[in-house]
Number of protein chains: 2
Amino acid sequence: MNKNYPSRLLEDAVDAISSLPGVGKRSALRLALHLLKQPQENVHHFTASINALRDEVKYCRECRMIADEHLCSICADRSRDHNTICVVESVRDVMSIENTGQYRGVYHVLGGIISPINGVSPSDLNIRDLVQRVKKLVEEGNDAEVIFALNGDVEGETTAFYIYRQISGTGVRVSSLARGLGFGDDLEYADELTLGRSIVNRQEFRP
Amino acid sequence: MNKNYPSRLLEDAVDAISSLPGVGKRSALRLALHLLKQPQENVHHFTASINALRDEVKYCRECRMIADEHLCSICADRSRDHNTICVVESVRDVMSIENTGQYRGVYHVLGGIISPINGVSPSDLNIRDLVQRVKKLVEEGNDAEVIFALNGDVEGETTAFYIYRQISGTGVRVSSLARGLGFGDDLEYADELTLGRSIVNRQEFRP
């Protein structure tokens, strides 16, 4: 017997589960023993749904969002504003913005962020597609806008600036998410950078 | 599109993953998107190892521990003391005690604990097998011992007492885990019940 596991099958499953981010060996053992107690068909449904996700999911040919068809439901929706493209790092960012219910344009998912330290260069991201989408919109005479919805860290700023240099010549309007105090935030607990920026970039008071 | 998910496949996978204990919808989404980014063969290995655990694992015919064979590696080990049976609730308890390296007997896994509130009655547990094992050991003239290693709550005590009534007539020796202050515990922070019991059940001082 392995010193720690009574069964090779259990050890293999624990190894696999603990390869997930944020799941340690102890949690993985708990989850494996939980699955072992479930009806066999439930466990098969569990693994089949994960295999189906990995094997069958598609990526929208326009915006690279995950989708069940070749065009995602947002890009396929003609009632949305296809001249406004919101540039995000990941699928999750699209879901977060959609959940606000405040945006009626379309998206472009970069699939990551420029990060030399993590070995991610511009060519690893869906930037060329974005530049072509923007050029096409402008050439067709549309009043196009690109909104950067990237994290406010160095990597996010770098990525936005890199893309900006490639599209600014086209005449497209470019904006980025408003930065400032969160709604309901206490001044007392705001960090100095955010508070300072929110004074410099103060907005017209619209009661 | 579903209001929250861009893909039915993603939604199904998130539903499946969030059915695990202690995993919410948000964590499940994070894990699903992580799996989506892994190489296909890694995801298939992940799901195959879970299916293999559920489909192929065996339960030891002696002690009901999970095993790769019909006899677990502990029961198959002739160098262990087969006259001493440690009674535990679950597979995990066997692993915990094995990890101490302090026990050379064998085990009996009940597969749960008597709990009317959770609908678990004695007939749902591997108690009858245990009684037969004990009777057989005694009838063969062995100096047998049963050690209760159950949780120190009402359900653990109830289960131990229920089993005790069934085996005490055989003449088997019966013991239970020592209860008292943990090694390194501060008296100041010990709960009153534990501290009180540890005075009443004080041990001979062996320096």
Quiz prompt | Simple Cβ-charge dipole of the stretch B:81-144, Lys/Arg +1 and Asp/Glu -1, about Cα centre, in debye nearest 20 | solution = 80
Practice problem: Using only C-alpha atoms and all pairs of different ones, pull out the Kirkwood radius for chain B in Å with one decimal. | Solution: 20.8
Self-check item: Long-range amide H partners of A:I147 with built H, under 5 Å
Solution: A:I85, A:C86, A:V87, A:S175
Quiz item: Distances from A:E157 to the same residue in each other copy, label points 7 Å out along Cα→Cβ, in nm, shortest first?
Solution: 6.3
Quiz item: Charges only on Cβ, +1 for Lys and Arg, -1 for Asp and Glu: so what's the dipole of chain A about the Cα centre, in debye to the nearest 20?
Solution: 360
Exercise. With both partners inside the protein assembly as shown, how many of the DSSP beta bridges are antiparallel, as a percent to the nearest 5?
Key: 20
Practice problem: Shielding by partners for B:39-52, please: the mean number of other protein chain Cβ atoms within 10 Å of each residue's Cβ. | Solution: 6
Quiz item: Which value, in debye to the nearest 20, describes the size of the charge dipole of the protein assembly as shown about its Cα centre when Lys and Arg Cβ atoms bear +1, Asp and Glu Cβ atoms bear -1, and nothing else is charged?
Solution: 480
Quiz item: When the gyration tensor of the stretch B:1-112 is built from Cα positions, what are the square roots of 5 times its three eigenvalues, in whole Å, from largest to smallest?
Solution: 40, 15, 12
Exercise. Rounded to the nearest 10 degrees, what's the angle between the helix B:40-56 long axis and the longest principal axis of chain B, both from Cα atoms, 0 to 90?
Key: 40
Quiz prompt | Computed over the stretch A:1-59, Cα set: Rg, Dmax in Å | solution = 13.3, 45
Practice problem: Please name which of B:P122, B:N83, B:S7 has its Cα lying farthest along the dipole of the stretch B:1-156 towards the positive end, using unit charges on Cβ (Lys, Arg +1; Asp, Glu -1) and the Cα centre as origin. | Solution: B:S7
Quiz item: Which values, in whole Å and largest first, are the semi-axes of the equivalent ellipsoid of the protein assembly as shown obtained as the square root of 5 times each eigenvalue of the Cα gyration tensor?
Solution: 60, 26, 18
Self-check item: Share, in percent, of DSSP beta bridges within chain A that are antiparallel, nearest 5
Solution: 20
Quiz item: Could you give the accessible area per residue of the stretch B:81-138, probe 1.4 Å, as a whole number in Å²?
Solution: 47
Quiz item: Which value, to two decimals, describes the C-alpha radius of gyration of the stretch A:105-207 once divided by 2.2 N^0.38 Å?
Solution: 1.28
Practice problem: Would you mind checking the tilt of helix B:8-17 against the longest principal axis of the Cα atoms of chain B, expressed as 0 to 90 degrees and rounded to 10? | Solution: 10
Quiz item: Roughly how many nanometres apart are two label points built 7 Å out from the Cα toward the Cβ at B:S175 and A:L195?
Solution: 6.4
Quiz item: When Cβ neighbours within 10 Å are restricted to other protein chains, what is their mean count per residue of peptide B:17-30?
Solution: 3
Quiz item: Say we join alpha carbon atoms closer than 10 Å with springs in a Gaussian network model of chain A; which of A:H108, A:H45, A:H34 then has the biggest fluctuation?
Solution: A:H34
Quiz prompt | A:K25, B:K58, ranked by accessible area, largest first (probe 1.4 Å) | solution = A:K25, B:K58
Quiz item: Between A and B, which A residue has the Cβ nearest their rotation axis, distance in Å?
Solution: A:T47, 2
Exercise. Classify the stretch A:74-151 as rounded, prolate or oblate, taking a ≥ b ≥ c as the square roots of the eigenvalues of its Cα gyration tensor: rounded when a/c is under 1.5, otherwise prolate if a/b is larger than b/c and oblate if not.
Key: oblate
Self-check item: For the pair A and B, total buried accessible area rounded to nearest 100 Å², probe 1.4 Å
Solution: 5000
Practice problem: For the protein assembly as shown, with all protein chains present and a 1.4 Å probe, just round the carbon and sulfur fraction of the accessible area to a whole percent. | Solution: 48
Exercise. Please quote Rg/Rh for the stretch A:51-98 to two decimal places, taking the Kirkwood radius as Rh and restricting both calculations to Cα atoms.
Key: 0.98
Quiz prompt | Distance between modelled label sites at A:E188 and B:F205, nm, 7 Å Cα→Cβ extension | solution = 5.4
Self-check item: For the stretch A:17-62 versus the stretch B:92-149, the gap between their alpha-carbon centres in whole angstrom
Solution: 32
Exercise. Would you kindly find the accessible area of B:E204, with a 1.4 Å probe and non-protein molecules such as ligands, DNA and RNA excluded, rounding to the nearest 10 Å²?
Key: 140
Quiz item: Can you give the angle from 0 to 90° between the axis of helix A:91-100 and the longest principal axis of chain A, with both taken from C-alpha atoms, to the nearest 10?
Solution: 60
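The values are calculated or read from the model by the stated rules, or taken from the named source; none is laboratory data. No experiment lies behind these values; they were computed from the predicted model shown. Cβ coordinates were reconstructed from backbone atoms using ideal geometry, including for glycine residues, and neighbour counts include every protein chain displayed. Calculation scope for accessible area: heavy atoms of the full protein, side chains included, ligands and nucleic acids excluded. Shrake-Rupley method; radii C 1.70, N 1.55, O 1.52, S 1.80 Å.
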